[in-house]
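A.B. asks: Pasting a structure below so you can have a look.
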Amino acid sequence: MKMGKKISKCPECGSKKLYWDRSRGEVICKACGFVIEERLIDFSQEWREFDSEQGESRRRVGSPLTFTKHDKGLSTKIGKAGDLTKMTPSERRMYYRMRKWQTRISTPIERNLKFALAELKRIASFLDVPKIAEEDAAMIYRMAAEKGLVRGRSMESVVAGALYAACRRHGVPRTLDEISHAFPLDKKEIGKTYRFICRELRIRILPTSPQDYVQRFASELKLKPKTVSKAVEIIKKANKLEITSGKGPMGIAAAALYVAALLSGEKKTQRDVADVAGVTEVTIRNRYKELLEKLKLEDQIKKIREK
């Protein structure tokens, strides 16, 4: 049995002098000899390692399961024989036949997953997507393939839709524009496939918040931490006043950073912010005016510009 609650004293005599006999899997009271627990499983490591090589040679488990591989990292492969000359002709023929059929015996879904997950891995690496989001994207694609949602659609568009859905689920700020440029695919096609996958697999994704994009845009614009904090504060105030309702999160995040940069005295043009955020200057200008008007920041901006 597994070790349950931590035992602090003996239920028989009340003594706190307890001993855990690892070889027998028992907890014994030293005062009266009462066996408090028995058949305990010790999950700790029974050997020591002093370097990485020693640890690798002594470990008895393989790599963990991963959805980013078509076989989840569990399949085996018939390798090249050490010395084929020592085999008889019939053994050699059997060896080559077994190797050939191992590559041939696979279902259409497995073959599709093999190519699709390789493409997913490449794009995830290119976009610097965290491992957890990549794993989730692979799981979403696998579910879509098993349900037959890939049929009639390009493999790349389904991979892109799954990756975008995973990024949205884990709060990773990756836009449709970035994903469409990475494949490359039409943004509208990726959005359509993404909505179809979410609907069919019943994946519930909450709307993105402008705060999800602030840190990333600020990093690319090389803004100071003080400016980033002001931008987050502006977005929070805008949320309370419901200014962000029905507006694109990237436009709000870009406008908030632009306002925060002006308040902090950092020189960033609307064109600089628009290029990083992937929105137009007109969008930033409109959101900027709304923020100044609703948050009553016009006087502060005028004073800074007059200096």
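A.B. asks: Could you say whether any residue in segment 81-98 is outside the structural domain of Leu163 (by TED's automatic domain parsing) and β-branched (Val, Ile, Thr)?
C.D. replies: Yes, segment 81-98 has at least one match.
A.B. asks: Let me ask you something else. Inside segment 209-290, counting only helices (runs of 4 or more DSSP H) that do not spill past its ends, which hold 3 or more residues that are at negative phi and among the polar types (S, T, N, Q)?
C.D. replies: 211-221, 225-240
A.B. asks: Residue under question is Ile252, and the condition is that it be closer than 30 Å to Leu127 by Cα, assigned by TED's automatic domain parsing to the domain that holds Tyr164 and not basic (Lys, Arg); does it hold?
C.D. replies: Details: closer than 30 Å to Leu127 by Cα: yes; assigned by TED's automatic domain parsing to the domain that holds Tyr164: no; not basic (Lys, Arg): yes.
In short, no.
A.B. asks: Looking only at segment 159-190, count every residue that is in a loop (DSSP other than H, G, I, E, B) and of a type in the set (Gly, Ala, Ser) and tell me the total.
C.D. replies: Total meeting the criteria: 1.
A.B. asks: Is segment 178-192 home to any residue that is in contact with a Cys (Cβ under 9 Å, 6 or more places away or on another chain), modelled with pLDDT of 90 or more and either over 30 Å from Lys240 (Cβ atoms) or not assigned by TED's automatic domain parsing to the domain that holds Thr244 (or both)?
C.D. replies: Quick first cut of segment 178-192, residues in contact with a Cys (Cβ under 9 Å, 6 or more places away or on another chain) only: 179.
This time we only want the ones that are modelled with pLDDT of 90 or more, so: 179.
Restricting the remaining residues to those that are either over 30 Å from Lys240 (Cβ atoms) or not assigned by TED's automatic domain parsing to the domain that holds Thr244 (or both) gives 179.
Yes.
A.B. asks: Which residues, counting only those in segment 240-271, are surrounded by fewer than 17 Cβ atoms within 10 Å (Cβ to Cβ), of a type in the set (D, E, K, R) and within 17 Å of Phe217 (Cα to Cα)?
C.D. replies: Residues satisfying the conditions are Glu266, Lys267, Arg271.
A.B. asks: Residue check, Leu163 against (1) buried (at least 24 other Cβ atoms within 10 Å of the Cβ); (2) in contact with a Ser or Thr (Cβ under 9 Å, 6 or more places away or on another chain), all met but one. Which one?
C.D. replies: Result: Leu163 fails condition (2) only.
A.B. asks: For Val172, indicate whether it is in contact (Cβ under 8 Å) with a residue 40 or more places away in the chain and crowded, with 16+ Cβ neighbours inside 10 Å. Talk me through it step by step, then tell me what you get.
C.D. replies: Values: in contact (Cβ under 8 Å) with a residue 40 or more places away in the chain: yes; crowded, with 16+ Cβ neighbours inside 10 Å: yes.
So Val172 passes the test.
A.B. asks: Applying the selection to segment 192-210, what residues are surrounded by fewer than 19 Cβ atoms within 10 Å (Cβ to Cβ) and within 26 Å of Ala256 (Cα to Cα)?
C.D. replies: Selection gives Ile205, Leu206, Pro207, Thr208, Ser209.
A.B. asks: If you scan segment 94-107, which residues turn out to be surrounded by 10 or more Cβ atoms within 10 Å (Cβ to Cβ) and part of a helix (DSSP H, G or I)?
C.D. replies: Let us first name the residues in segment 94-107 that are surrounded by 10 or more Cβ atoms within 10 Å (Cβ to Cβ), namely 94-102, 106.
Residues satisfying the conditions are Met94, Tyr95, Tyr96, Arg97, Met98, Arg99, Lys100, Trp101, Gln102.
A.B. asks: Ok, one more. Look through Gly14, Gly62, Gly82 and report the one residue that is assigned to a loop (DSSP other than H, G, I, E, B) and modelled with pLDDT of 80 or more.
C.D. replies: The match here is Gly14.
A.B. asks: Something else about it: Which one is farthest from the chain's Cα centre (by Cα) among residues in segment 287-296 that are free of Cβ contacts under 8 Å to residues at least 60 places away in the same chain and surrounded by 14 or more Cβ atoms within 10 Å (Cβ to Cβ)?
C.D. replies: Leu292
A.B. asks: Can I ask one more? Can you say whether Ile203 is aliphatic (A, V, I, L, M), touching a Lys or Arg at 6+ places or on another chain (Cβ under 9 Å), touching a residue at least 60 places away in the same chain (Cβ under 8 Å) and within 20 Å of Tyr164 (Cβ to Cβ), as far as the supplied structure shows? Write out each step before concluding.
C.D. replies: Working: aliphatic (A, V, I, L, M): yes; touching a Lys or Arg at 6+ places or on another chain (Cβ under 9 Å): yes; touching a residue at least 60 places away in the same chain (Cβ under 8 Å): yes; within 20 Å of Tyr164 (Cβ to Cβ): yes.
Yes.
The values are calculated or read from the model by the stated rules, or taken from the named source; none is laboratory data. In this text the structure is predicted, and so the values were computed from the model without any measurement. Methodologically, a virtual Cβ is constructed for each residue, glycine included, from the backbone with ideal geometry; neighbour enumeration extends over all protein chains shown.
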